[in-house]
Amino acid sequence: MQREALLDHVLIQLEQYGLAATLPELLQNSGINESDLHPFWPDRDALIFDCLRHHGQQIDIWQRQVMLDEELTIEQKLLARYDQLAMRLEKNRFPGCLFVAACSAYPDEHSQIHQLSQRQKQSSFDYSRTLLRKLDIEDSELVAKQMELILEGCLSRLMVNHHADDIITAKLLAEDILKIAQCRKNGALS
């Protein structure tokens, strides 16, 4: 099994079992033995770090693709994450926020996993703030924080419930925040 395929496999296992998963659970049905990992990942934490880094890179690539998609409006780009979550859920992928969970599981701010997770959460915030600035939204920093809180709440619920309704509700809330911010920009709420 190639490195990337193994990391994708472990990512699915983390979505299923959470960060408390044991190494045998992470490797389940992969055809890989724990001893085969040691030259590349000396322990479970090293494997989890590499898996989260791989996942973060996938998200970053997706964000860049969406940013460059000229067929989407800025509003659609802001809400595209919810459509992506719904597609993953349809494929029995449970895309809860492993980065939030990692910050809880690795609370030491000096932990590589904690720092990686913080960077990924910052990247998500930057994505929202950049798009809001393109819309010339007043106080784009605050609106980005509001939108990220909704997204993180949705991701947290998906880790527990796996319900598509949570994605729909979160998307509607994000749309409402965006509409209110646009009304404020246009003077409708002054």
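Among the residues of segment 116-124, is there at least one that is open to solvent by 20 Å² or more (accessible area, probe 1.4 Å) and on the phi > 0 side of the Ramachandran plot? Checked segment 116-124: no residue is open to solvent by 20 Å² or more (accessible area, probe 1.4 Å) and on the phi > 0 side of the Ramachandran plot.
Quick grid of which residues meet (1) of a type in the set (D, E, K, R); (2) surrounded by 14 or more Cβ atoms within 10 Å (Cβ to Cβ):
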| position | (1), (2) |
| --- | --- |
| MET67 | no, yes |
| ALA101 | no, yes |
| SER104 | no, no |
| GLU141 | yes, no |
| LEU151 | no, yes |
| CYS154 | no, yes |
| ASN161 | no, no |
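Of the residues in segment 77-95, at least one is in a helix (DSSP H, G or I), hydroxyl-bearing (Ser, Thr, Tyr) and under 15 Å from the mean Cα position of the chain (by Cα). Evaluate segment 18-27: report whether one residue or more is open to solvent by 80 Å² or more (accessible area, probe 1.4 Å) and among the hydroxyl-bearing types (Ser, Thr, Tyr). Among the residues of segment 18-27, not one is open to solvent by 80 Å² or more (accessible area, probe 1.4 Å) and among the hydroxyl-bearing types (Ser, Thr, Tyr), which makes the answer no. The selection criterion, being at pLDDT 90 or above, under 16 Å from GLN58 (Cβ atoms) and open to solvent by less than 20 Å² (accessible area, probe 1.4 Å), holds for ALA80.
For ALA102, the criteria (1) in contact (Cβ under 8 Å) with a residue 24 or more places away in the chain; (2) within 24 Å of GLU175 (Cβ to Cβ); (3) of a type in the set (A, V, I, L, M) hold in every case but one, which is (2). Among the residues making up segment 30-43, a single one is assigned to a helix (DSSP H, G or I) and crowded, with 16+ Cβ neighbours inside 10 Å: LEU37. For segment 109-130, the criterion of a residue being of a type in the set (Phe, Trp, Tyr), within 21 Å of ASP8 (Cα to Cα) and in contact (Cβ under 8 Å) with a residue 40 or more places away in the chain is satisfied by no position.
When segment 106-115 is filtered for residues that are surrounded by fewer than 17 Cβ atoms within 10 Å (Cβ to Cβ) and in a helix (DSSP H, G or I), the ones remaining, listed by number, are GLN112, GLN115. Taking each residue of segment 137-166 that is of a type in the set (Lys, Arg) and looking for partners that are surrounded by fewer than 13 Cβ atoms within 10 Å (Cβ to Cβ) with beta-carbon atoms closer than 9 Å, six or more apart or interchain, yields ARG157/HIS163. Taken over segment 45-65, residues that are surrounded by 17 or more Cβ atoms within 10 Å (Cβ to Cβ) and without any contact (Cβ under 8 Å) to a residue 24 or more places away in the chain amount to 0.
The values are calculated or read from the model by the stated rules, or taken from the named source; none is laboratory data. In this text the structure is predicted, and so the values were computed from the model without any measurement. Here Cβ is always computed from backbone atoms with ideal geometry, including for glycine, and neighbour counts include all displayed protein chains. Quick note on the areas: whole protein, heavy atoms, side chains included, nothing else; ligands and nucleic acids left out. Shrake-Rupley method; radii C 1.70, N 1.55, O 1.52, S 1.80 Å.
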